[in-house]
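Take a look at the structure set out below.
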Amino acid sequence: MEITISDRRDIKIEAILELYRANEWSSADKPNELYNGLINSHSLFSAWKKDKLVGIGNAISDGYLVVYYPHLLVHPDYQGKGIGQMIMDKMQEKYSHYHMQMLTADGKVIDFYRKAGFKRAGQTEPMWIYKGNEH
(Lines give C-alpha, C1' and ligand atoms only; values in the text may rest on other atoms or scores of the structure.)
Protein backbone atom coordinates (compact mmCIF):
# COMPACT_ATOMS: atom_id res chain seq x y z
CA MET A 1 0.00 0.00 0.00
CA GLU A 2 1.63 3.21 -1.15
CA ILE A 3 0.61 6.26 0.87
CA THR A 4 1.74 9.78 0.05
CA ILE A 5 1.86 12.53 2.68
CA SER A 6 1.29 16.03 1.33
CA ASP A 7 0.98 19.58 2.61
CA ARG A 8 -1.32 20.57 -0.26
CA ARG A 9 -4.35 22.71 0.47
CA ASP A 10 -6.40 22.00 -2.65
CA ILE A 11 -8.42 19.29 -0.95
CA LYS A 12 -12.07 19.10 -1.95
CA ILE A 13 -14.56 19.60 0.84
CA GLU A 14 -16.35 16.39 -0.18
CA ALA A 15 -13.20 14.34 0.47
CA ILE A 16 -12.76 15.95 3.88
CA LEU A 17 -16.38 15.36 4.83
CA GLU A 18 -16.20 11.72 3.73
CA LEU A 19 -13.18 11.17 5.98
CA TYR A 20 -14.75 12.91 8.99
CA ARG A 21 -18.07 11.14 8.58
CA ALA A 22 -16.34 7.76 8.29
CA ASN A 23 -14.80 8.51 11.70
CA GLU A 24 -18.11 9.82 13.07
CA TRP A 25 -16.60 13.17 14.02
CA SER A 26 -19.25 15.78 14.82
CA SER A 27 -17.26 18.55 13.11
CA ALA A 28 -18.57 17.11 9.82
CA ASP A 29 -21.92 18.62 10.84
CA LYS A 30 -20.36 22.06 10.30
CA PRO A 31 -18.85 21.53 6.85
CA ASN A 32 -17.92 25.12 6.00
CA GLU A 33 -16.36 25.78 9.41
CA LEU A 34 -14.46 22.48 9.27
CA TYR A 35 -13.17 23.12 5.77
CA ASN A 36 -12.12 26.71 6.48
CA GLY A 37 -10.55 25.74 9.81
CA LEU A 38 -8.43 23.03 8.17
CA ILE A 39 -7.45 24.97 5.05
CA ASN A 40 -6.45 28.02 7.11
CA SER A 41 -4.48 26.09 9.75
CA HIS A 42 -0.83 26.90 10.36
CA SER A 43 -0.04 23.44 8.95
CA LEU A 44 -2.13 20.85 7.19
CA PHE A 45 -0.86 17.41 6.22
CA SER A 46 -2.92 14.87 4.35
CA ALA A 47 -2.43 11.22 3.49
CA TRP A 48 -3.40 9.90 0.07
CA LYS A 49 -3.75 6.50 -1.52
CA LYS A 50 -3.67 7.56 -5.15
CA ASP A 51 -6.52 10.11 -5.33
CA LYS A 52 -8.30 9.03 -2.12
CA LEU A 53 -7.90 11.10 1.05
CA VAL A 54 -7.21 8.54 3.80
CA GLY A 55 -5.86 10.76 6.59
CA ILE A 56 -5.47 14.34 7.71
CA GLY A 57 -3.87 16.31 10.54
CA ASN A 58 -3.61 20.00 11.27
CA ALA A 59 -1.76 22.37 13.58
CA ILE A 60 -2.61 25.76 15.02
CA SER A 61 0.39 27.80 16.08
CA ASP A 62 1.79 31.22 16.89
CA GLY A 63 4.59 30.25 14.50
CA TYR A 64 7.38 30.45 17.05
CA LEU A 65 6.77 28.96 20.47
CA VAL A 66 3.51 27.03 20.81
CA VAL A 67 1.68 24.57 18.60
CA TYR A 68 -1.62 22.80 19.18
CA TYR A 69 -2.71 19.74 17.22
CA PRO A 70 -6.52 19.75 17.08
CA HIS A 71 -7.17 17.02 14.48
CA LEU A 72 -5.44 13.85 13.38
CA LEU A 73 -7.62 11.19 11.85
CA VAL A 74 -7.29 8.26 9.50
CA HIS A 75 -10.09 6.58 7.58
CA PRO A 76 -11.21 3.48 9.53
CA ASP A 77 -10.35 1.22 6.57
CA TYR A 78 -6.72 2.39 6.78
CA GLN A 79 -6.17 2.60 10.54
CA GLY A 80 -3.37 0.54 12.08
CA LYS A 81 -1.15 0.86 9.01
CA GLY A 82 1.15 3.65 10.23
CA ILE A 83 -0.59 6.51 8.43
CA GLY A 84 -1.26 8.50 11.60
CA GLN A 85 2.41 8.10 12.53
CA MET A 86 3.45 9.33 9.08
CA ILE A 87 1.36 12.48 9.55
CA MET A 88 2.71 13.00 13.08
CA ASP A 89 6.26 12.57 11.77
CA LYS A 90 5.65 15.45 9.34
CA MET A 91 4.32 17.57 12.20
CA GLN A 92 7.41 16.76 14.24
CA GLU A 93 9.70 17.71 11.36
CA LYS A 94 8.16 21.15 11.51
CA TYR A 95 7.46 21.63 15.23
CA SER A 96 9.81 19.44 17.30
CA HIS A 97 11.93 22.46 18.27
CA TYR A 98 8.94 24.40 19.63
CA HIS A 99 8.84 25.12 23.34
CA MET A 100 5.35 23.64 23.78
CA GLN A 101 3.40 21.12 21.72
CA MET A 102 -0.13 20.45 22.94
CA LEU A 103 -3.10 18.25 22.14
CA THR A 104 -6.14 16.71 23.73
CA ALA A 105 -6.55 12.95 23.49
CA ASP A 106 -8.90 10.36 24.89
CA GLY A 107 -9.75 6.73 24.45
CA LYS A 108 -7.61 4.44 22.35
CA VAL A 109 -5.54 7.27 20.85
CA ILE A 110 -3.85 8.05 24.16
CA ASP A 111 -1.40 5.19 23.63
CA PHE A 112 -0.69 6.42 20.09
CA TYR A 113 0.30 9.86 21.36
CA ARG A 114 2.34 8.43 24.25
CA LYS A 115 4.37 6.45 21.72
CA ALA A 116 4.91 9.72 19.84
CA GLY A 117 6.41 11.25 23.01
CA PHE A 118 3.44 13.10 24.50
CA LYS A 119 2.65 12.84 28.20
CA ARG A 120 0.28 14.38 30.67
CA ALA A 121 1.38 17.89 31.55
CA GLY A 122 2.05 17.78 35.30
CA GLN A 123 -1.19 17.93 37.27
CA THR A 124 -3.11 19.72 34.54
CA GLU A 125 -6.82 19.11 34.20
CA PRO A 126 -8.21 18.89 30.65
CA MET A 127 -10.98 21.45 30.19
CA TRP A 128 -13.11 22.63 27.29
CA ILE A 129 -16.39 23.96 26.10
CA TYR A 130 -17.26 21.44 23.42
CA LYS A 131 -20.36 21.01 21.30
CA GLY A 132 -19.45 17.61 19.86
CA ASN A 133 -20.75 14.23 20.91
CA GLU A 134 -18.05 11.72 20.02
CA HIS A 135 -16.11 11.93 23.29
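Some values worked out for this structure:
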read-out	value
Max mean-square fluctuation residue, GNM over the chain, Cα-Cα springs under 10 Å, options 84, 107, 57	107
Cα-based helix-to-principal-axis angle, 13-22 vs the chain, degrees rounded to 10	70
Relative contact order [Cα under 8 Å, 6+ residues apart], the chain, whole percent	22
Fraction of accessible area attributable to carbon and sulfur, region 74-119 (%, probe 1.4 Å)	49
Long-range amide H partners of residue 82 with built H, under 5 Å	none
Crossing angle, helix 83-95 versus the chain [Cα axis fit, 0-90 degrees, rounded to tens]	50
For region 74-135 and region 19-72, distance of Cα centres in Å	13
Per-residue [θ]222 nm for the chain (sum of -39500 (n - 2.57) over DSSP H runs n ≥ 4, rounded to 500)	-8500 deg cm²/dmol
Heavy atoms of residue 120: accessible area, 1.4 Å probe, square angstrom to 10	150
Carbon plus sulfur fraction of accessible area for region 28-70, probe 1.4 Å, in percent	52
Quotient of Cα Rg and 2.2 N^0.38 Å for the chain, N being how many residues it contains	1.02
Accessible surface, the chain, averaged per residue in Å² (probe 1.4 Å)	65
Probe 1.4 Å, all protein chains present, accessible-area order of 106, 10, 51, largest first	51, 10, 106
Positive-pole candidate from 55, 13, 128, dipole of the chain, charges at beta carbon	55
In Å², nearest 10: area of residue 24 left accessible to a 1.4 Å probe	140
Accessible-area order (highest first, 1.4 angstrom probe) of the listed residues 50, 81	50, 81
Overall form of region 27-84 per C-alpha gyration tensor (a/c, 1.5; a/b vs b/c)	oblate
Peptide ranges 61-68, 121-128 listed from the most packed, as the mean C-beta count within 10 angstrom indicates	61-68, 121-128
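The values are calculated or read from the model by the stated rules, or taken from the named source; none is laboratory data. All values derive from a computational prediction rather than experimental measurement. Note that each Cβ is placed from the backbone with ideal geometry, even for glycine, and that neighbours are counted across all protein chains shown. These accessible areas exclude ligands, DNA and RNA; they are computed on the full protein's heavy atoms, side chains included. Shrake-Rupley method; radii C 1.70, N 1.55, O 1.52, S 1.80 Å.
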